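Colleague: This structure is in structure tokens; I'll ask about it shortly.
The values are calculated or read from the model by the stated rules, or taken from the named source; none is laboratory data. It should be emphasised that the depicted structure is a prediction, and the values quoted were computed from it without experimental measurement. Because the Cβ atoms are built from the backbone with ideal geometry, glycine has one as well, and the counts that use them run over all protein chains shown.
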Amino acid sequence: MLEVQGLRKAYGDLVAVRDVSFSLGAGEVLGLLGPNGAGKTTTVSMISGLVTPDAGQVLIGGSPLLGDTDVKKRRIGLVPQDLALYDELSALANLRFFGSLYDLDSAALERAIMASLQLVGLSERARDRVGTFSGGMKRRLNLAAGLLHDPDILLLDEPTVGVDPQSRNAIFSNLETLKARGKALLYTTHYMEEVERLADRVVIVDHGQVIASDTLAGLQRFAPAGAGHASLEAIFLALTGRTLRD
Amino acid sequence: MSIRPILAMVRKDLQLFFHDRRAVIMTMVAPIAIASFFGSIFSGNNREPAKIAVAIVDQDSSPISRGILAGAQGDRNLRVTTPSADEARAAVKRGTVTVAVVIPPGFGDAAGRAFFSAAAKPDLTIWFDPSHAAELGLVRGILTEHVMQSVSAEMFTGVQGQKMVDETLQRLDRTNLSAQQQTLLRDLLQSARKFYNEPSATAGSNGGNGSPRGGITLPYAVKEDAITSGENVAYNGYAHSFAGMCIQFILFASIDLGVGILLERQRGLWKRLRSAPISRVTLLAGKAASGALVALLTLAVSFAFAMIVFGVRVNGSLAGFVAVAVATAVMASTFGLLIAAVGGTPGGTRGIASLSVLLMVMLGGAWVPSFIFPAWLQRLTVVIPARWAVDGFDAMTWRGLSLGAAVMPTAVMLGFALLFGVLAIARFRWEEA
């Protein structure tokens, strides 16, 4: 469903992403891991059309993504790391606005809004101002805003940052539901246990390059010697080192 | 290009605008309040003008100096006091008196002699407040009139004049004049002496203008006719002040538009917008449309207030007024896009943009009419869009001009809008890493 081929992006002398390739199928969750500055967000930005690659291409359903107005962007839903919501407006007004960007007619939009709110458990708070929401509620609404146009591919950039365990668990349930509906989920995070719980496959990037790509079981070959069955975090640290990446 | 995303952006921006009470007050109420104040100052209603505070120190106490004092005290433009020299100087220093005039001892005698001959002219000392340079010119002109009137009146009909004629007759033989000139001047002065000896000549001293006692007066009367939109239509200064203040606050609102885009980017909202399948032009068009609507709303509310409360009228073309208003609104909103395109941090951008808007409205004649600027500055202001907006609104309101007079301001502002829009698209940071 999503194929990333040889993506490269440089900012002056700094090469943020170099030759990154991977694929993602329907009903699959792919964990994209990497230390700070490894190129995860730049990669997600190129897939969602926010950044133009210097080289390589993004294929959606086998066809390359071309330009700002390419209709294939409708198949992608972005859940940015920032809480990209208007605090001054109600949850309903936020979703109406973001849904309208995808040219949904009124009836379809209202149905999509209700379905999204129900999925993330915010139907009762639809008319409340987002500014009155807790961090966890905002995160769930942030997710709902990315689902309105019923995308096949969901790009989730650290969707659980700063939320309590209850909200995190609720988001996991939402994502598992979406996976069960056949959605392809690209999930970036620093929380290894989330990837262990959700992901079918993992891509680890560092210094802009893919350094490992496999299933959780397959990644065991990168485990430190003599560690037995290693945790994902141990494998991650073995691959990327323990040097601080401030 | 679908219209639905643009409408959604406009609706969302209007919701955000009306949610922000500070923005509503700044955009709707502030221009009305400040325009009302400026309008009351600059309105051409037939109210008594503020009098200039003048101190006259009469150290001469001659008929001429008393005549000057009386003339100045009767002038409708002056509020005259008669303190001592020290008090007058101190009052100018404090700013309670704008101009102080010192008539020195012997002024009357010396002025009389200088009036008929090449004798040395006496000094009239003037102390003035340098912050009121414009009033100094006015006082100097008024004083000239009263000095000439008083000196000539005294010379032609007063005791001092008689004395001067007698003295001149006695000294006539000692002058350098030719014999023929001496004869002619003697005849003139003897005729003047006979005139003084007539009982009716000195009766009713300080007579009205036109009598000999009145001295030299201005040989004309001014008939003033303000050229406005029509016969018997008074100039309404509120029309100009509301145009100027509306433009100022519309441009301030455009800063909010530009900074708002930067804040949306900072908060990650722009990522959502850019990830949707809509073009860059659509995104900026949506922003420009909401900015232009807020600007039009500001103009509509402000001018409606001016019409209802201050009697401002669109005495020219209504279509021209609407055209100027729409062009102003579009120009302002695209200026907001340009601010977002060239701006860095929201805070820093607001500071620089505020300064540029203040310069723009100041040079555009929004605060005070641009005709008071130096000629070179007036020529320079044609590159200021606010100047065209002010001129366009003036033309369609109190000047009462036809649609043709709105064409140039409208076209120039739309040209500025196009320039701002193209620059914004070219300079906008579209990449969202």
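Colleague: Taking region A:57-84 as the search range and keeping residues that are crowded, with 18+ Cβ neighbours inside 10 Å and more than 27 Å from residue B:263 (Cβ to Cβ), which one is nearest to the other protein chains (Cβ to nearest Cβ)?
Modeller: Ranking the qualifying residues of region A:57-84, first place goes to A:72.
Colleague: If you scan region A:209-246, which residues turn out to be surrounded by fewer than 17 Cβ atoms within 10 Å (Cβ to Cβ), hydroxyl-bearing (Ser, Thr, Tyr), in contact (Cβ under 8 Å) with a residue 12 or more places away in the chain and not in a strand (DSSP E or B)?
Modeller: The answer is A:231, and nothing else.
Colleague: What are the residues in region A:1-51 that are out of contact with any strand residue (DSSP E or B) (no Cβ under 7 Å at 6 or more places or on another chain), within 11 Å of chain B (Cβ to nearest Cβ) and small (Gly, Ala, Ser), if any?
Modeller: Result: A:45, A:49.
Colleague: The conditions are (1) more than 30 Å from residue B:290 (Cα to Cα); (2) without any contact (Cβ under 8 Å) to a residue 12 or more places away in the chain; (3) in a helix (DSSP H, G or I), and residue B:24 fails exactly one of them. Which is it?
Modeller: Failing condition for residue B:24: (1).
Colleague: Could you check region A:88-104 and list, in sequence order, the residues that are small (Gly, Ala, Ser) and at the interface with another protein chain (Cβ under 7 Å from one of its Cβ atoms)?
Modeller: At the first step, the residues of region A:88-104 found to be small (Gly, Ala, Ser) are A:90-91, A:93, A:99-100.
Within region A:88-104, A:93, A:100 meet the criteria.
Colleague: A further question follows. Do we have residue B:52 as closer than 30 Å to residue B:122 by Cβ and surrounded by 15 or more Cβ atoms within 10 Å (Cβ to Cβ) here?
Modeller: yes
Colleague: Any residue at all in region A:124-141 that is surrounded by fewer than 22 Cβ atoms within 10 Å (Cβ to Cβ), away from chain B (no Cβ under 13 Å) and out of contact with any helix residue (DSSP H, G or I) (no Cβ under 8 Å at 6 or more places or on another chain)?
Modeller: Checked region A:124-141: at least one residue is surrounded by fewer than 22 Cβ atoms within 10 Å (Cβ to Cβ), away from chain B (no Cβ under 13 Å) and out of contact with any helix residue (DSSP H, G or I) (no Cβ under 8 Å at 6 or more places or on another chain).
Colleague: Here is a list: B:88, B:33. Which entry is touching a strand residue (DSSP E or B) at 6+ places or on another chain (Cβ under 8 Å) and either assigned by TED's automatic domain parsing to the domain that holds residue B:137 or part of a helix (DSSP H, G or I) (or both)? Please lay out each step first, then the result.
Modeller: Values: B:33 fails: touching a strand residue (DSSP E or B) at 6+ places or on another chain (Cβ under 8 Å).
Going through B:88, B:33 in turn, just one is touching a strand residue (DSSP E or B) at 6+ places or on another chain (Cβ under 8 Å) and either assigned by TED's automatic domain parsing to the domain that holds residue B:137 or part of a helix (DSSP H, G or I) (or both): B:88.
Colleague: Moving on. Look at region B:249-276 and say how many of its residues are polar (S, T, N, Q) and crowded, with 24+ Cβ neighbours inside 10 Å.
Modeller: Residues of region B:249-276 that are polar (S, T, N, Q), as a first pass: B:254, B:266, B:275.
Right, trim to crowded, with 24+ Cβ neighbours inside 10 Å and you get B:254, B:275.
Looking only at that region, the number is 2.
Colleague: Another question about this same structure. Which residue out of B:33, B:72 is touching a helix residue (DSSP H, G or I) at 6+ places or on another chain (Cβ under 9 Å) and surrounded by fewer than 17 Cβ atoms within 10 Å (Cβ to Cβ)?
Modeller: On the way: B:72 fails: surrounded by fewer than 17 Cβ atoms within 10 Å (Cβ to Cβ).
Every option except B:33 fails the conditions.
Colleague: Here is a follow-up. Go through B:339, B:308, B:278 for me and flag whichever is in the same structural domain as residue B:414 (by TED's automatic domain parsing), outside any helix (DSSP H, G or I) and either modelled with pLDDT of 90 or more or of a type in the set (S, T, N, Q) (or both).
Modeller: Residue meeting the stated conditions: B:278.
Colleague: When region B:110-169 is examined, which residues are found to be hydroxyl-bearing (Ser, Thr, Tyr), surrounded by fewer than 19 Cβ atoms within 10 Å (Cβ to Cβ) and within 40 Å of the chain's Cα centre (by Cα)?
Modeller: B:125, B:131, B:144
Colleague: Conditions first: (1) closer than 30 Å to residue A:41 by Cα; (2) touching a residue at least 60 places away in the same chain (Cβ under 8 Å); (3) within 14 Å of chain A (Cβ to nearest Cβ). Residue B:290 passes all but one, so which condition is the exception?
Modeller: Residue B:290 satisfies all of (1) closer than 30 Å to residue A:41 by Cα; (2) touching a residue at least 60 places away in the same chain (Cβ under 8 Å); (3) within 14 Å of chain A (Cβ to nearest Cβ) except (1).
This table checks each residue for (1) assigned to a loop (DSSP other than H, G, I, E, B); (2) without any contact (Cβ under 8 Å) to a residue 60 or more places away in the chain; (3) hydrophobic (A, V, I, L, M, F, W, C).
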| site | (1), (2), (3) |
| --- | --- |
| A:57 | no, yes, no |
| A:81 | yes, no, no |
| A:87 | yes, yes, no |
| A:107 | no, yes, yes |
| A:111 | no, yes, no |
| A:116 | no, yes, no |
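Colleague: Just give me the residues in region B:249-281 being at the interface with chain A (Cβ under 9 Å from one of its Cβ atoms), of a type in the set (Ser, Thr, Tyr) and in contact (Cβ under 8 Å) with a residue 40 or more places away in the chain, in sequence order.
Modeller: Answer for region B:249-281, where residues must be at the interface with chain A (Cβ under 9 Å from one of its Cβ atoms), of a type in the set (Ser, Thr, Tyr) and in contact (Cβ under 8 Å) with a residue 40 or more places away in the chain: just B:279.
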